[in-house]
Structure formats: structure tokens, C-alpha cells
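Any read-out appearing in this document is the output of simple, stated calculations on the displayed coordinates, not a laboratory observation. All values derive from a computational prediction rather than experimental measurement. Cβ: placed from backbone, ideal geometry, glycine included. Neighbour counts: every protein chain shown.
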Amino acid sequence: MTSHSKHLIFEACVDSLEDAIGAQLRGANRIELCSALDQDGLTPSVELTRQCIETLTIPVMVMIRPRGGHFVYSEAEIQHMEIDIARFKEVGVDGVVFGLLNKQNSIDVVNTRKLTKLAFPLEVTFHKAIDSTDDILKAFKELNSIKGITRVLTSGGTNTAWNGRVVLKTMNNLPERRIQIIAAGKILPENRVQIAEFTGVTELHGKKIV
């Protein structure tokens, strides 16, 4: 382990209690809990979430995503997300993870602001929906203007964090940045330090991050 890697935070994406325990044992600093990882993660059950909170000693972030596919949500789906956020808040999660776009492929600022406000004082991560926007730097600047967003999960608009490393570095170095970036996209123990050193990003995420 290099001195640089001692300061890195590894967030493991898991969909079972067994995987969550295994990730913690292997050195994960935080969990992103989902169901249906084959659909890139949907909202997990309250029961699984409760089990993870009771069993783990590291923070648990919960995915709020009612269905797979695109990130343009109907009013009914947004209401469903509001109910889920309130429910997980009661359970005692450390934070929630969601991402909403509008039909123009930019951030749905109105509803993102609404859900972030509802989640307070929980940590809020805006997930890889940002990678589907037409202008990722503009989208990132917009997110930085929304009070309460803690982190943005991104691979720099490409399929992997390594391929998006130049964009990730640019995002990380933006003068107006106040949000922590979590690099994601095929990050493994073999390449995580290399990605961190190139981009300057200190939080990294993946299904096999540890």
C-alpha cells in the first residue's frame, strides 16, 4: 500500500448482506446498498438495509431508484422516491443515492433539489445519471449549486473511470467544486490507486473495489 492509498475511501457496491460483510472485511470504507445489480442497482428492501446497518460498522448509503432504464422519472415515480427516502431515513441509513434527468438530457434541478431537501441531514450522492447528460461539466456545475448534495458518482461520461480519467481530473479541479467526486466504472484493486493518482479523486466506487 502506497502512502497515497492510505487516504483513499473505497465504496463497495453490494446487493446482499453477505457481500456487504465481505466488502467490509476486505477493507471497504463505505457501502452502497442496492438490489438488482444486473440493472445497475435499484432500491433495496428495508429489511436488507436494516440488517446491513445492524451488522456493519461502516456507513451504509442506499440506492433510491424505482426502476431500471433511463433517469427521466414520472411524477408518480418521484413520489415513490420521496416515500423511500423518508422510510430509509427512519431506518437510520447514512445517506441516499439517486439521479434525475429531464428530457433534454440535463439535470432535473427542481426534483433533485426537492429530494435532496427531503433527505437532509443525510448525505446525498447524485449517481451515474450524470454520465448520461449531454454536457457533463455543465451538469456538474449545476449540481454544485444545489445545497445538500455531498457527492457525485461518475466515470467522466465514459464507460470506465480510466477512460474518463481526463474529465474526472477536470471535474475535480474545477474552482467552484464543493462536491466530492466518487470515481466509478470498472475500478479494481489493481487500478484504483493509479486512477486516484491521475485524477486527484480520493473516493472510488465499484462492485469489486476491494
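Taking the simple approach of a point 7 Å from Cα along Cα-to-Cβ for both Thr202 and Asn159, what is their distance in nm?
About 3.3 nm separates the two model spin labels.
To the nearest whole percent, what portion of all C-alpha pairs in the range 43-96 is separated by more than 17 angstrom? If you can, show how the numbers build up before the last one.
Numbers: 520 of 1431 pairs.
When every Cα pair of the range 43-96 is considered, 36 percent fall beyond 17 Å.
Return an integer: the convex hull volume of the alpha-carbon atoms of the range 125-170, in Å³ per residue. Intermediate results must be reported in sequence, preceding the final value.
Working: hull volume 3.0 nm³, N = 46.
Hull volume normalised by residue count: 66 Å³.
Normalised radius of gyration for the range 91-210, please: alpha carbon Rg relative to 2.2 N^0.38 Å, two decimal places. Intermediate values should be presented prior to the final figure.
Values: Rg = 13.7 Å, N = 120, 2.2 N^0.38 = 13.6 Å.
Dividing the Cα Rg of the range 91-210 by 2.2 N^0.38 Å gives 1.01.
Given C-alpha coordinates of the chain, what is the ratio Rg to Rh with the Kirkwood estimate of Rh?
Details: Rg = 15.9 Å, Rh = 16.9 Å.
Result: Rg/Rh = 0.94.
At 0.36 nm per residue, minus the direct Cα-Cα distance, what do Gln194 and Val166 gain on full extension? Give it in nm, one decimal, please. Don't skip to the answer; put the middle values down first.
Values: separation 28, 0.36 × 28 = 10.08 nm, distance 1.29 nm.
Result: 8.8 nm gained on full extension.
At 0.36 nm per residue, minus the direct Cα-Cα distance, what do Asn105 and Ala76 gain on full extension? Give it in nm, one decimal, please.
Working: separation 29, 0.36 × 29 = 10.44 nm, distance 1.98 nm.
Difference between extended and current length: 8.5 nm.
Mind putting a number on the dipole of the range 4-206 about its Cα centre? Charges go on the C-beta only, +1 for Lys and Arg and -1 for Asp and Glu, and I need it in Debye to the nearest 20.
Details: 23 positive and 25 negative charges, 137 e Å.
So the magnitude is around 660 debye.
If I take the Cα coordinates of the range 149-210 and project them onto the principal axes, what are the three extents in Å, biggest first?
Extents along the principal axes: 31, 21, 19 Å.
Tell me which GluC sites (Glu not before Pro) from the range 102-210 have a DSSP coil assignment and no more than 13 other beta carbons within 10 Å of their own.
Here the sparse-neighbourhood loop sites are Glu176, Glu190.
In whole Å, what are the Cα extents of the range 19-129 along the three principal axes, biggest one first?
Principal-axis extents of the Cα atoms in the range 19-129, largest first: 42, 27, 21 Å.
Measure off 7 Å from each Cα along the Cα-to-Cβ vector at Glu18 and Thr55, then give the distance between these two points in nanometres to one decimal.
If labels sit at Glu18 and Thr55, their model points lie 1.0 nm apart.
Under a Cβ-only charge scheme (Lys and Arg +1, Asp and Glu -1), can you give me the dipole magnitude of the range 93-183 about the Cα centre, in debye to the nearest 20? Intermediate results must be reported in sequence, preceding the final value.
On the way: 13 positive and 8 negative charges, 33 e Å.
Dipole about the Cα centre, nearest 20: 160 debye.
Whole Å is fine, so just give me how far the alpha carbon centre of the range 60-88 lies from that of the range 159-210.
Using only Cα atoms to place each centre, the spacing works out to 25 Å.
Which far-off residues, 5 or more places away or on another chain, put their amide H under 5 Å from the one on Ser35, with H placed in the peptide plane?
Leu42, Thr43
Tell me which trypsin sites (Lys or Arg not before Pro) from the range 86-177 have a DSSP coil assignment and no more than 14 other beta carbons within 10 Å of their own. Can you show the working numbers first?
Details: sites: Arg87, Lys89, Lys103, Arg113, Lys114, Lys117, Lys128, Lys138, Lys141, Lys147, Arg151, Arg165, Lys169, Arg177; in loops: Lys103, Lys147, Arg177.
Qualifying residues, ordered by number: Lys103, Lys147.
Eight or more residues apart or on different chains, and alpha-carbon atoms under 12 Å: count the Lys pairs in the chain matching that.
Numbers: Lys114/Lys147; Lys117/Lys147; Lys186/Lys207; Lys186/Lys208.
Eligible lysine pairs with Cα atoms under 12 Å apart amount to 4.
Full extension from Ala36 to Lys141: what is 0.36 nm times the residue separation minus their Cα-Cα distance, to one decimal in nm? Walk me through the numbers before you get to the answer.
Working: separation 105, 0.36 × 105 = 37.80 nm, distance 3.02 nm.
Roughly 34.8 nm would be gained on extension.
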